[in-house]
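Structure first, then comments.
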Amino acid sequence: MLAAGLGTRMRSTRAKVLHELGGRPLVRYPLAALAPLAPTRVVVVVGHQAELVRAAVLASGLPVETVLQAEQRGTGHAVQCAVPALGDFDGDVLLVYGDVPLVTTTTLERLRDTHRAAKADLTLLTMRLEDPTGYGRILRDADGRVCGIVEHRDATPAERAITEANPGLYCVRADVLVPLLAELRVDNDQGELYLTDVVGLAARAGRTIASIELERPEEVAGVNTRAELAQMEAILRDDLTRRWMDAGVTFEDPATAYVGPEVQIGRDSVIGPNVVLRGKTRIGEGCRLDGTAFLVDTVLGARVHVRFACTAEEAIVADDAIVGPFARLRPGTELGPRVHIGNFVETKKAKVGAGTKANHLTYLGDCEIGPDSNIGAGTITCNYDGSTGKKSRTVIGARVQIGSDTQLVAPVTVHDDAYVGAGTTVTKDVPAGALVVTRTPARVFEGWVARRRQVVKAAAPAPAKVAARAKPKPVAKPKARKKAKAKTRTARRRAR
Ligand code: UD1
Ligand code: MG
């Protein structure tokens, strides 16, 4: 697999194969398509930002080795760099470009199987495009046999009129490939060693060349520009949502659903508009996402209802839970069955027991809460000491009632069945079944409002003056304005 190029046409400082599609680097796609074929070995040629590309490739989890093409002297040169890594391998080599993300396992399998069935020396895929601009064109002889490939920029007008193009996927016997690579020359517009020239060289050497014309060229489209990346994102998105619709998932607006390639969605789930599902997110059966949600590496059980405008990252939500609207589940959140997390509630490293509710304006961080407890509005777990950076834990038992506006200063434990009165700052453990309350007694001043109103009225300017003021005001001279200000200031002082 060739992944060493910069991708000049992307106009980026980032290597092309690191640009993301569906939240995953381009280079990972062809690798994922290859994996089920269980190749004897996978060699990836890296060059531009070699370390980053290597890391992205290794993250695929496949047994991949990388070789360095220190200077990018063309696709043929890239394959030359990979030859030493092939060692004494004498089987069929599949050559794949790293910028062809939508290629499927089925197509790669078909390439390999056709190659073997035809006992060919070299087999390539081809595609018909209405506008093949930029792609290499397939040259055929009078008998219709493939006899070469000419790059767009090197092609004559007559060759440019050919609509059969080269998607850049080949299967070739190792013992045929290696000597042909040695014959490549830089006699082209870019002064590079072109892998495509191997095809012409093979034809001239009398090798058997087989070809397969693909019915769905969009599958093997290459990404060379940002516009193509965006087009591909749309195709990928469409493919993925279609696949999930076929599997029994409803999308209220497929055009605004962004489902990553590794996401799983259970049957009869309903995905509302503007929902982004990334990473290894798994949605169970019968879930409902109202809309505007951003879920990364999050697992929802069955029948979970995510109301409008929620975000979740590395969170686990059990069956029948209700989340949102406007909730934020941060990494380490584990919600038990039937938990309710309501509006403006943030959770982080929070394990919440079955049936527990935290419905309004609450922060639950570094805590564990038992089942069937109720966390009142405005509850805060004070987990951070503000100086050492240390985070402390709050533990809340089963059937606990936490009153509104409670601060739990961690480390602290509220045992089973305890009640915490509204407005309490809990700094010590609360025993099971106890009530804890810290409350300054309220002071009541009878008749205070009437007295206050009287004072304010006395200080107010005369009604006639008020009326005069309501008229369009001539621009006040600076002195007059100062006087008026002074007056209101005195009035205010008097009112106090
Ligand atoms: C290539 C083909 C063209 C085909 C098209 C299909 C050649 C000469 N041309 O053109 O016939 O229609 O793909 O998409 O092969 N790379 C390296 N080292 C290099 C140069 C490139 O590893 O020195 C890698 C790139 O990272 C990329 C792949 O090879 O993943 C293809 O290179 P790119 O420059 O995109 O080739 P195209 O111009 O698209
Ligand atoms: Mg390309």
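No value in this document is a laboratory result; all are computed from the given coordinates. Here the structure is a predicted model, which is why all the values come from computation and not from measurement. Quick reminder, even Gly has a Cβ in these numbers, built from the backbone with ideal geometry, and neighbours come from all protein chains shown.
Within the stretch 210-239, being farther than 24 Å from SER12 by Cα, in contact (Cβ under 8 Å) with a residue 60 or more places away in the chain, away from ligand 2 (no atom under 16 Å from the Cβ) and of a type outside the set (A, V, I, L, M) holds for SER211, GLU213, ASP239.
Tallying residues that are buried (at least 18 other Cβ atoms within 10 Å of the Cβ) and out of contact with any helix residue (DSSP H, G or I) (no Cβ under 8 Å at 6 or more places or on another chain) within the stretch 1-24 yields 1.
From the list VAL27, VAL42, VAL103, VAL93, pick out the single residue that is buried (at least 16 other Cβ atoms within 10 Å of the Cβ), more than 14 Å from ligand 1 (Cβ to nearest atom) and within 24 Å of PRO217 (Cα to Cα).
That would be VAL93, the only listed residue that is buried (at least 16 other Cβ atoms within 10 Å of the Cβ), more than 14 Å from ligand 1 (Cβ to nearest atom) and within 24 Å of PRO217 (Cα to Cα).
Taken over the stretch 43-94, the residue count meeting the criterion of being in contact (Cβ under 8 Å) with a residue 24 or more places away in the chain and hydroxyl-bearing (Ser, Thr, Tyr) is 2. The set of residues from the stretch 200-243 being within 15 Å of ligand 1 (Cβ to nearest atom), in a helix (DSSP H, G or I) and loosely packed, with under 15 Cβ neighbours inside 10 Å comprises GLU218, ARG226, ALA227, GLN231. Checking each residue of the stretch 328-346 against the condition of being within 27 Å of SER392 (Cα to Cα), of a type in the set (A, V, I, L, M, F, W, C) and within 19 Å of the chain's Cα centre (by Cα) gives at least one match.
Those strands (runs of 3 or more DSSP E) of the stretch 117-177 in which 1 or more residues are of a type in the set (S, T, N, Q), surrounded by 21 or more Cβ atoms within 10 Å (Cβ to Cβ) and within 14 Å of ligand 2 (Cβ to nearest atom) are absent.
Give the residues of the stretch 312-344 that are among the hydrophobic types (A, V, I, L, M, F, W, C), under 15 Å from CYS287 (Cα atoms) and not in a strand (DSSP E or B), sorted by residue number. ALA318, ALA321, VAL339, listed by residue number.
Considering the stretch 144-196, the residues that are β-branched (Val, Ile, Thr) and without any contact (Cβ under 8 Å) to a residue 60 or more places away in the chain include one that is nearest to THR40 (Cα to Cα), namely VAL176.
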